[in-house]
Amino acid sequence: MHCSGQMLIGQQAVTGSSAVIHAVNPATGEQMEPPYPGGGAAEVEKACQLALAAFDDYRELALEDRALFLETIANEIEAIGEVLIQRAVSESGLPQARIVSERGRTCGQLRLFASVVRAGEWLDVRIDPAIPDRQPMPRTDLRQRHIALGPVAVFGASNFPLAFSVAGGDTASALAAGCPVIVKAHSAHPGTSELVGRAVQKAVSKCGLPEGVFSMLFGSGRDVGAALVADYRIKAVGFTGSRSGGTALMQIAQQRKEPIPVYAEMSSINPVFPLPSALKARGETIAEGFVASLNMGAGQFCTSPGLVVAEKGEALDAFVSKARDVLQQCASQTMLTRGIYEAYQQGLDRLSSHANVSEVARGQVGDSPNQCQSALFITTATDFLADEALQDEVFGSTSLVIECTDSAEVKQIAELLEGQLTATLQMDDADFDIARQLLPTLERKAGRILVNGWPTGVEVGHATIHGGPYPATSDSRTTSVGSAAIFRFLRPVCYQALPDRLLPGPLKESNPMGLKRLYNGKRET
Ligand code: NAP
């Protein structure tokens, strides 16, 4: 398989006619071939038209066939082989080992959703059979199941060229729910996107599905992306990226004649709370773990620990001193794009020139383009509380330590924080009471609470929540990672007094699909 520079609309490969995108190798600054001309109104129209045409057939596909489709996508991605790995490495600057493991995660997610589809629990079938002789009024027959929302627009993320992009978690969960998907590929990795897009396109054909189940467009977010979100046939949006990009899409979606949900994962600084006893007993070990998490992937993770909140004193001084020593040894790493590198530099400049923030340490300087130099800063709780801007995400390997006078101030900081994807406690048994006092606040602030771990490295499981209150995400009721992500693209429908012959399979009295339904308030076995 090779890169042709074309968009994929249904089973067609189409050359765009708007501004050309060139991938740039961030490690060398070299422009890569082929050019990717962007799409426009005509391509958005065609992709949406095909997606709508495919919707009713695709959403009623037998569960086994839909599961096989997801597995076929995974097989086709693996079949691309080394070409995909090399292209993704060149377009992202990420190390080969990371890309290989990300491919594993991407295919693993697709297979996880295949198993979820087969199990059918997401249909959440509930049946309240009629009770004609109930007094004083008879009860009518009520049956509920979940159906797919409709065609979904997915925006690929810059920081996960595979796992959060063309066939990443948003696409896998939307396809699992029965929604056709139109991807707006991220301009930083068009070649990777095309290779994966062609694998999905091939899977659509191999499985004999309607072609509109999948399309992929290139082009600027403000034109192609905005037009997609505004199109009446699109019924939901999945996005990972900046707060400004996500909120712009939320606004477009809200201003439509028919507003639709936007599931945007945007910005989080993932506070870490090393509690006093743990800090005293093993502050240096905590510092090592912290810097390792911060430095992972040049800090270009939505879960990077960008804030450390702790009581001041000798234990915190020792932690900071160790973190300084370790961080100063950290080699620089290539950032994903020139834009992300420049935004990172601006973030560091803002912190280092802030009157009430001190620089603790910087990592090593690199001599190739777009190098992320890790950094650590420190401030007091009073100064942090006085300046909202200190909460802004600086996307990259930097973090801010906040010195608090006591545990009440630690809690005050926690209360002030915006919504987060994660909140981490480093604690020992003697910290139990403080942890218990912090927990209700952290529950209100974050989607995932960790003890004695690090927020980077998100497990793709059934209990995973990768979400949180705004601005971590646009909808705190959901997750973009793990099997529960499917619920973003479903809605319940209730069928009242429909004759059995007219009912969809999951709701028929004989339970032909063998589902574990909630029948008359009791779970079927
Ligand atoms: P981005 O600028 O938000 O772009 C993500 C996608 O959204 C791209 O396809 C982009 O299209 C599109 N887009 C952006 N603004 C839009 C708008 N106003 N209307 C419609 N579409 C729009 O994110 P990025 O390029 O990945 O990185 C930029 C910054 O985002 C980073 O420096 C970082 O701060 C943040 N980021 C955060 C996370 C996280 O998980 N928290 C992850 C990645 C990035 P085009 O670029 O093609 O126009």
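Give me the extension gain from Gln251 to Arg491: residue separation times 0.36 nm, minus the current Cα-Cα distance, reported in nm with one decimal. Provide the component values of the computation, followed by the final result.
Numbers: separation 240, 0.36 × 240 = 86.40 nm, distance 2.18 nm.
This chain segment gains 84.2 nm when fully extended.
Taking a 22 Å limit on the Cα-Cα distance, which of the listed pairs Lys184/Lys235; Lys235/Lys508; Lys46/Lys235 fall beyond it?
Working: Lys184/Lys235 15 Å; Lys235/Lys508 28 Å; Lys46/Lys235 16 Å.
Where the Cα-Cα span goes over 22 Å, the pairs concerned are Lys235/Lys508.
If the chain between Glu443 and Arg134 were fully stretched, how many nm would it gain, using 0.36 nm times the residue separation less the Cα-Cα distance? Before the final figure, lay out the partial values.
Values: separation 309, 0.36 × 309 = 111.24 nm, distance 4.32 nm.
Stretched out fully, the Glu443 to Arg134 stretch lengthens by 106.9 nm.
Distance between the modelled labels on Gln86 and Asp383, one decimal in nanometres: 5.0 nm (7 Å Cα→Cβ projection).
Pairwise Cα separations in segment 271-451 fall into 5 Å bins from 0 onward with the following percentages, short to long: 1, 9, 18, 22, 22, 16, 8, 3, 1, 0. Here's how it looks for Gly306: its modeled amide H is under 5 Å from those of Asn270, which are all 5 or more places away or on a different chain.
Residues in segment 129-143 carry Karplus couplings, in order, of x, 4, 10, x, 9, 5, 10, x, 10, x, 9, 7, 6, 10, 9 Hz; the curve used is 6.51 cos²θ - 1.76 cosθ + 1.60 with θ = phi - 60°, and Gly or Pro positions show x.
Count charges around Glu121 for me, please; just the other residues with Cβ under 11 Å from its Cβ, Lys/Arg as +1, Asp/Glu as -1. In short, +3.
Output the direction-averaged projected area (hull surface divided by four) of the convex hull of the alpha-carbon atoms of segment 151-294, in nm². Walk me through the numbers on the way to the answer.
Details: hull surface 44.3 nm².
So the Cα hull casts an average projection of 11.1 nm².
Let a ≥ b ≥ c be the square roots of the eigenvalues of the Cα gyration tensor of segment 237-330; is it rounded (a/c under 1.5), or, if not, prolate (a/b larger than b/c) or oblate? The shape class here is prolate.
Where both bridge residues fall in the chain, DSSP classifies roughly 45% of the beta bridges as antiparallel.
If you roll a 1.4 angstrom probe over the protein chains with everything in place, what fraction of the accessible area of the chain belongs to carbon and sulfur, to the nearest %? Spell out each step's value before the answer.
Numbers: 10790 of 20890 Å².
About 52 percent, which is the carbon plus sulfur part of the accessible surface.
Please give every one of the aspartates and glutamates within straight-line cross-link reach of Lys516, meaning a C-alpha to C-alpha distance under 16 Å, and leave out same-chain neighbours fewer than 8 residues apart. Within the straight-line limit of under 16 Å, Lys516 reaches these aspartates and glutamates: Glu121, Asp124, Asp128, Glu524.
Coupling constants for segment 512-522 follow from the phi torsions by the Karplus curve (6.51 cos²θ - 1.76 cosθ + 1.60, θ = phi - 60°), and in residue order they are x, 8, x, 7, 8, 9, 8, 9, 6, x, 10 Hz; glycine and proline get x.
Over every pair of different alpha-carbon atoms in the chain, take the mean of 1/r and invert it; report that Kirkwood radius in Å. Every distinct Cα pair counted, the radius reaches 24.3 Å. Remark on Val481: its backbone amide H falls under 5 Å from those of His466, a criterion applied only to residues 5 or more positions apart or on other chains, H modelled at 1.01 Å from N. In this structure, Arg338 and Ala19 have a Cβ-Cβ separation that, at R0 = 22 Å, corresponds to a calculated FRET efficiency of about 0.85. Computed from Cα positions, the angle between helix 96-119 and the longest principal axis of the chain comes to roughly 40 degrees.
Compared with the rule-of-thumb size 2.2 N^0.38 Å for a compact globular protein, segment 8-86 has a Cα radius of gyration ratio of 1.47.
Of all DSSP beta bridges confined to segment 358-451, the antiparallel ones make up roughly 25%. Inter-part distance, segment 501-524 to segment 122-143, computed on C-alpha centroids, equals 13 Å.
Straight-line cross-link partners of Lys411 among the lysines, defined as a Cα under 21 Å from its Cα and at least 8 positions apart when in the same chain: Lys280, Lys312, Lys445. Taking a sphere under 13 Å around the Cβ of Thr303 and counting the other residues whose Cβ falls inside, with K and R at +1 and D and E at -1, yields a net charge of -2. The order of the peptides 250-258, 76-84, 271-279 by mean Cβ neighbours within 10 Å, most packed first, is 271-279, 76-84, 250-258.
Think of a 1.4 Å ball rolled over the protein heavy atoms: the chain then has 40 Å² of accessible area per residue.
Residues with beta-carbon under 10 Å from that of Leu52, excluding Leu52: net charge, scoring Lys, Arg +1 and Asp, Glu -1? Mind dumping the intermediate values first?
Details: positive: Arg233, Lys235; negative: Asp56, Asp231.
Charge balance in the 10 Å sphere: 0.
The values are calculated or read from the model by the stated rules, or taken from the named source; none is laboratory data. Quick caveat: nothing in here was measured; it's all calculated off a predicted structure. With ideal geometry, Cβ positions are generated from the backbone for all residues, glycine too; neighbour counts draw on all protein chains shown. In case anyone asks, the SASA skips ligands and DNA or RNA and just uses the protein heavy atoms, side chains included. Shrake-Rupley method; radii C 1.70, N 1.55, O 1.52, S 1.80 Å.
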